[in-house]
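Rule-based calculations on the coordinates, nothing more; no lab input. Because the structure is predicted, anything quoted here is derived from the model rather than measured. Glycine gets a Cβ as well: all are built from the backbone with ideal geometry, and neighbour counts include every protein chain shown.
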Amino acid sequence: MFYKRMLFFSLFWFFLIGCVPQTQHVQKQAQQADVHYKLGVSFLHADNPTLALKELLKAVEYGPNRSGIHVSLAQAYQLKKAYPEAERHYLTALELSPKDPRYQNNLAALYLDMEQWDKAIYYFDEASQNLLFLNAHNALAGKGYAYFKKKDYAVALAQYQEVLTIAPRYAPAYFLQSEVYHEMGQTEQERKMLE
């Protein structure tokens, strides 16, 4: 009986002590991820995607399950026109934070850069329908632009009108409408949009 108790307490202390370094290791990993993430984001804001990429690649090693790191990494790749890598990280961010409208909007913007209009329309639509998205007008404008690039001018104009219903002072919507009217040869309407 004494030996069983002794064995139990020995194992208990072994497991208890064994967990402490693991916790410290996890905390250190999280701190390293934060440091490299913040540096990467600061380089993105300073318009230096190369240094941002360097820091964010380190951050994702330390924090592979953090959606914000993946989104920032995707933005750095997008700025460097490494579109497949950017797409992969945006999709990973959406797996980690499903239905986040900011990430959907960013992915849709990437698809505009990649000239994949239907994918852009899908993700802009997903983002704009999320009632918690603060910038639904941006997503709708992006969706309208994708339709414009597909030469579906009537739908593009309808999207821009919806933008102006939500945000009547959103100046880019007027300019984007003028582009549609220009392509349609309606110079009078084009001029009105630019006034």
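Here are some notes:
- Three-way shape call for the range 19-98 based on the alpha-carbon gyration tensor, with the a/c threshold at 1.5: oblate
- Overall, the chain carries a charge dipole of about 980 debye about its Cα centre when +1 sits on the Cβ of Lys and Arg and -1 on the Cβ of Asp and Glu, all other atoms neutral.
- Among 45-54, 120-129, 69-78, 169-178, the order from most to least packed when residues are scored by Cβ within 10 Å on average: 69-78, 120-129, 169-178, 45-54
- Amide hydrogen neighbours beyond the local backbone of residue 100, cut-off 5 Å, H modeled: none
- Net charge of Cβ neighbours under 11 Å - reference residue 68; Lys, Arg +1; Asp, Glu -1: +1
- Members of 28/81; 58/81; 81/149; 80/151 lying beyond 31 Å, as alpha-carbon distances in this model show: 28/81
- Karplus (6.51, -1.76, 1.60) ³J(HN,Hα), θ = phi - 60°, over the range 117-122, in Hz, Gly and Pro reported as x: 4, 5, 5, 4, 4, 4
- In Hz, Karplus ³J(HN,Hα) per residue of the range 101-108 (6.51, -1.76, 1.60; θ = phi - 60°; x = Gly, Pro): x, 5, 6, 4, 5, 5, 5, 4
- The shape of the range 99-195 comes out oblate: with a ≥ b ≥ c from the C-alpha gyration tensor, a/c is at least 1.5 while a/b does not beat b/c.
- Estimated vicinal HN-Hα couplings, Hz - the range 174-180 in sequence order (Karplus 6.51, -1.76, 1.60; Gly, Pro = x): 5, 5, 5, 4, 4, 4, 5
- Euclidean distance of C-alpha centroids, the range 147-195 and the range 36-115, integer Å: 30
- Only the Cβ atoms of Lys and Arg (+1) and of Asp and Glu (-1) were treated as charged; on that basis the dipole of the range 38-130 about its Cα centre amounts to roughly 360 debye.
- With a Förster radius of 22 Å applied to the C-beta separation of residue 99 and residue 166, the computed FRET efficiency comes to 0.65.
- Along the axis of the charge dipole computed for the chain (Cβ charges of +1 for Lys and Arg, -1 for Asp and Glu, origin at the Cα centre), the listed residues 148, 74, 165 are led at the positive end by 74.
- For the pair residue 194 and residue 113, a Förster radius of 22 Å applied to the C-beta separation gives a FRET efficiency near 0.30, rounded to the nearest 0.05.
- Here the dipole of the range 116-195 is about 100 debye; that uses its Cα centre as origin and unit charges on the Cβ of Lys and Arg (positive) and Asp and Glu (negative).
- Rounded, prolate or oblate (a/c below 1.5 giving rounded, otherwise prolate when a/b exceeds b/c) for the chain by Cα gyration tensor: prolate
- FRET efficiency for residue 85 and residue 27, using Cβ-Cβ distance with R0 set to 35 Å, rounded to 0.05: 0.75
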